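The structure under discussion appears below in the form of structure tokens.
The values are calculated or read from the model by the stated rules, or taken from the named source; none is laboratory data. Not measured: the values here are computed from a predicted model. A quick note on method: Cβ atoms are made from the backbone with ideal geometry, for glycine too, and the neighbour counts reach across all protein chains shown. Note: areas computed on protein heavy atoms with side chains; ligands, DNA, RNA excluded. Shrake-Rupley method; radii C 1.70, N 1.55, O 1.52, S 1.80 Å.
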Amino acid sequence: MSTGSSDVTTPGSVAAAVAVQEELRPLVDLVGPGPSAPATVAGLDVAYAKSGDLLAAAVTVLDARTLAVVDSAVCVGRPAFGYVPGLFAFRELPALLAALDRLTTRPALLVCDGHGLAHPRRFGLACHLGVVTGLPAIGVGKTPLVGEWVPPAAERGAWSPLRDGNDVVGRVLRTQAGVKPVFVSVGHRMSLDNATAQVLALTPRYRLPETTRTADRLCRDALTQAS
DNA sequence: GCGACAG
DNA sequence: ATCTTGTCGC
């Protein structure tokens, strides 16, 4: 039967990938506001081999109160798509979904390494993962993809809006005093206020959320063992 | 036409 | 993302 247009994770061309994003974008829940006190929060990240033909995706689930890792899973595979800014999600999505399937728990929130609405078509990785899984999701990027912004004040918790055209697509958030800010955006079933609050709760000490840090270590270790 | 461009 | 030396600082 048909194979291309019905698969929302592995399109066969750039045009098909863009079409998938346009097709799924209306399914994003922009209302939220999402859980104010999630019991568990998942971090997702991917590491690539230097050769570029192998990757490891990891998901770590943390107790939101203690930030201890209570569950985790990895998936080693191949990039499912070339790297194209704006279509980045298609590279990592299959491996990340496979890792999510291997969890024994169902996290209350996904914290993705990349953007959500702060995307040219308002459908970055965090939106895609949220829509496909049905889970609340947010994006936390280390560098901007779209939008204009001014640096927030130097203290932890300070933020400034990330604007693209007439839209506020996210926030530039200072998670540690005097440290380069991160870019927070809504993925699915979350308000921007709540997304900001959750990121601050996950960054008691470092610039990046503990979820991202634990997932990063796990996928790097998995990649080392695989290669 | 020229840069910019999540990871 | 990954490749990379040294350097500053707790």
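Restricting attention to region A:148-171, the residues that are surrounded by 19 or more Cβ atoms within 10 Å (Cβ to Cβ) and within 19 Å of residue A:137 (Cβ to Cβ) total 4.
All but one of (1) β-branched (Val, Ile, Thr); (2) free of Cβ contacts under 8 Å to residues at least 40 places away in the same chain; (3) crowded, with 23+ Cβ neighbours inside 10 Å hold for residue A:186; state the number of the condition that does not hold. All conditions pass for residue A:186, except number (2). Restricting A:75, A:112 to residues that are open to solvent by 10 Å² or more (accessible area, probe 1.4 Å) and either free of Cβ contacts under 8 Å to residues at least 12 places away in the same chain or part of a strand (DSSP E or B) (or both) narrows the list to A:75.
Note on region A:75-117: residues that are within 8 Å of DNA strand B (Cβ to nearest atom), out of contact with any helix residue (DSSP H, G or I) (no Cβ under 9 Å at 6 or more places or on another chain) and farther than 24 Å from residue A:199 by Cβ amount to 0.
Could we say that residue A:84 is under 25 Å from residue A:13 (Cβ atoms) and in a loop (DSSP other than H, G, I, E, B) here? Full working, then the answer.
Details: under 25 Å from residue A:13 (Cβ atoms): yes; in a loop (DSSP other than H, G, I, E, B): yes.
Yes; evaluated as a whole, the condition is true for this residue.
Between A:218, A:135, which is at pLDDT 95 or above, part of a loop (DSSP other than H, G, I, E, B), under 19 Å from the mean Cα position of the chain (by Cα) and within 24 Å of residue A:90 (Cα to Cα)? Criteria check complete, one pass: A:135. With respect to the conditions (1) open to solvent by 50 Å² or more (accessible area, probe 1.4 Å); (2) more than 16 Å from DNA strand C (Cβ to nearest atom), residue A:174 falls short on a single one, namely (1).
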